[in-house]
Amino acid sequence: MKEITIKDEFIKLGQALKLAGLVDSGVDAKIVIQDGLVKVNGQVETRRGKKLFNQDEVCFEGNSFMIRTASLKE
């Protein structure tokens, strides 16, 4: 499974889809999320602003990725 590393405590779902390269724009993210095509931790998620934290798993069109928070001790 692909991992997306973020430097902040959380990332919003729409931003995560763009960062993972699964959508081209925020508008595309909004549409696929509102259409119920995205799952977060196995549950359909329809809120683009849903906050994703360390180890949250996102699935869309057969692609999955996990959120990882960069260590603050670097």
- Taking the stretch 56-74 and keeping only residues that are surrounded by 11 or more Cβ atoms within 10 Å (Cβ to Cβ) and either of a type outside the set (Asp, Glu) or touching a Phe, Trp or Tyr at 6+ places or on another chain (Cβ under 7 Å) (or both), one is left with Val58, Cys59, Phe60, Asn63, Ser64, Phe65, Met66, Ile67, Arg68, Thr69, Ala70
- Report, by residue number, each residue of the stretch 29-50 that is in contact with a helix residue (DSSP H, G or I) (Cβ under 8 Å, 6 or more places away or on another chain) and not aliphatic (A, V, I, L, M). Lys30, Glu45, Thr46, Arg47, Arg48, Gly49, Lys50
- Filter the stretch 14-50 for residues that are in contact with a strand residue (DSSP E or B) (Cβ under 6 Å, 6 or more places away or on another chain) and in contact (Cβ under 8 Å) with a residue 40 or more places away in the chain; which is surrounded by the most Cβ atoms within 10 Å (Cβ to Cβ)? Ala16
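Bear in mind that the values in this text are calculations on the coordinates, not laboratory data. Just so it is clear, the structure is predicted and the values come from calculations on it, not from any experiment. In this analysis, Cβ positions are derived from the backbone assuming ideal geometry, glycine residues included, and neighbour counts consider all displayed protein chains.
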